[in-house]
Structure formats: C-alpha cells, structure tokens
1. Looking only at the stretch 120-138, count every residue that is crowded, with 19+ Cβ neighbours inside 10 Å and assigned to a helix (DSSP H, G or I) and tell me the total.
2. Give 72, 61, 12, 8 a once-over and let me know the one that is surrounded by 15 or more Cβ atoms within 10 Å (Cβ to Cβ) and out of contact with any helix residue (DSSP H, G or I) (no Cβ under 8 Å at 6 or more places or on another chain).
3. Of (1) surrounded by 20 or more Cβ atoms within 10 Å (Cβ to Cβ); (2) in contact (Cβ under 8 Å) with a residue 60 or more places away in the chain, residue 163 satisfies all except one. Which?
4. How many residues does the stretch 19-43 contain that are out of contact with any strand residue (DSSP E or B) (no Cβ under 7 Å at 6 or more places or on another chain) and either at positive phi or part of a strand (DSSP E or B) (or both)?
5. Looking only at the stretch 101-119, count every residue that is farther than 30 Å from residue 27 by Cβ and crowded, with 19+ Cβ neighbours inside 10 Å and tell me the total.
6. Quick one: in the stretch 240-293, which of the residues that are exposed (fewer than 10 other Cβ atoms within 10 Å of the Cβ) and within 39 Å of the chain's Cα centre (by Cα) is modelled with the highest pLDDT?
7. Can you find even one residue in the stretch 171-190 that is farther than 26 Å from residue 128 by Cβ, surrounded by fewer than 17 Cβ atoms within 10 Å (Cβ to Cβ) and at pLDDT below 85?
C-alpha cells in the first residue's frame, strides 16, 4: 500500500513556550481510515492544522502525496479536505452556493454533476436551496463534509466529526465515512469517542502531551495489549472464595453467583484449565462460562496512565 502522507520529526512550539508537538513521526497509507486519539490538549488539532498549512511547523518535514508542504503549499493544499471542529459557514447562504463557492476557492471550475453526487451522498440534495441557519447541527456538519469534498481531495481530515451530535446521527456519519473510503478516500479523524475509532478505523494512533505514543493496526493493538475477562456463573451462590483458589485473584460479583477471572491474552498458558479443575475439586458447580476482551477504551486509559 502506497504512503500518501509522511510526517518526519515534526515539532511545534508556540510563542508562549508551550510544546504542542514533540518529534512526531507518522506515515498514512493511501485509502485507509486512521483515527488519532488523545485527551484535550494532546496535540491532535495542532497536528492536523500543521499538515493543512494553517499552523507553521518549527521543525521537521511533511510530504503530501510526495510533495513538501513548504515547497509546494498550493499544490499540497489542493490534495487536502478539512472538516474542522467548529462550524464556520455563512448562515445566510444556501447549501448549494456555499459548497460551490468552496470548490471555486481551490481554482476548480463548475461541476454540477459532481456536486449533486456529493450532496446526494450526504443526504443534502433536498436541502440544497435551504439556508445554512435553517439546518440542524448534524446537517451543518454534513455541509462541512460536502465543502471539504468539493474539490476532490485525496486526503480528508475530520476533526471531531461527530462531537455534539446524537447517537443515531453519529452512526450515519460512520456510514458516510466508510462509503467515502470505499470510493478511495484517505480519511484521518480525531475523536473523543473511542467507540468511533473501534468501529471504523483501520489503524489507531494515540497522542499525549505532543508525543505520538504508538501507531498500530486496530485488531493487533487490541490483541497485543488487551486482557480477557472470564465470567464463571455458578449454579449456587458462594460466600467466600476457598483458599485453594487465592492464586487466581478471583473477584465475586454482588450476586455471589459469578466469579471473575482476568488473564493476559499474550501469555500462552492462561490458567483457565487448571482453574476449572480446581473449582471442580472444591465441588463448585458451574452454570455457564463466557469471556470478554478488553475494549480499545480500556487500552487507551491504560496507556495514558502509563505515560
């Protein structure tokens, strides 16, 4: 898979002395969905703003589709579409006029068919003659995506695309993002909703205090860093855990009928077979047994605490 965005040794320090980015190195593949996670102030928006040429870098190099953003600013910006956190749209303009205007800003000629397709894809065609101020917050976000796509960018940046929208609309946005990927777009999103990253991203990056802590395939990250929890439902309640089972560090749920055993997925021997045998030796009869894997959110919290 070819690299469409390359970031090398990127640092950004503001005049106040605050270091927003600290030697960031990252490569984004063509056609992937990359989710950047981090707490407030971690450097997510600064990173996107620097790539897009809004914020000036202090050190390092950024290549967009092989071109340096400093040497070829106009060309590299033409490859990028940005959907910001805020909703900076002219309230008295119609949907169609504001999207066409944005396309013109990139020096693109009029293309009614292409714009109609975008608006249809985002369920905005029926609202094309509606003024922005008459739209809901969710529809305004769709307009921002349409504006960002108006000049056919190769890379689409989504900075907190579903912040402040309801759950149903959030899922609609996930569907739109997946459809865009299906059409060949490269999508980089920042999000506070870790569920969002878990649902739609191919790879995950975690940033904190300006440093990129890791970048990894989503599935391998969960498998490598995750733990599994085994839930053992008992036929009858248990008052106390027998001393012969202390080595397993079992927890007992409030109902006294469920034992909880946590084990590391990276270890070849989980101890489950021996645990079940020891339970049988204690005449503890099982009713059911099932396991649950660590979520991305649990891994994220663990990494932030560690760093």
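1. 2
2. On inspection, the qualifying residue turns out to be 72.
3. (1)
4. Adding up the residues that qualify gives 1.
5. So the count comes out to 2.
6. Among them, the one singled out is 273.
7. No.
The values are calculated or read from the model by the stated rules, or taken from the named source; none is laboratory data. What you are looking at is a predicted structure, and each value in this text was computed from that prediction instead of being measured. All Cβ positions, glycine included, derive from the backbone under ideal geometry; neighbour counts span all protein chains shown.
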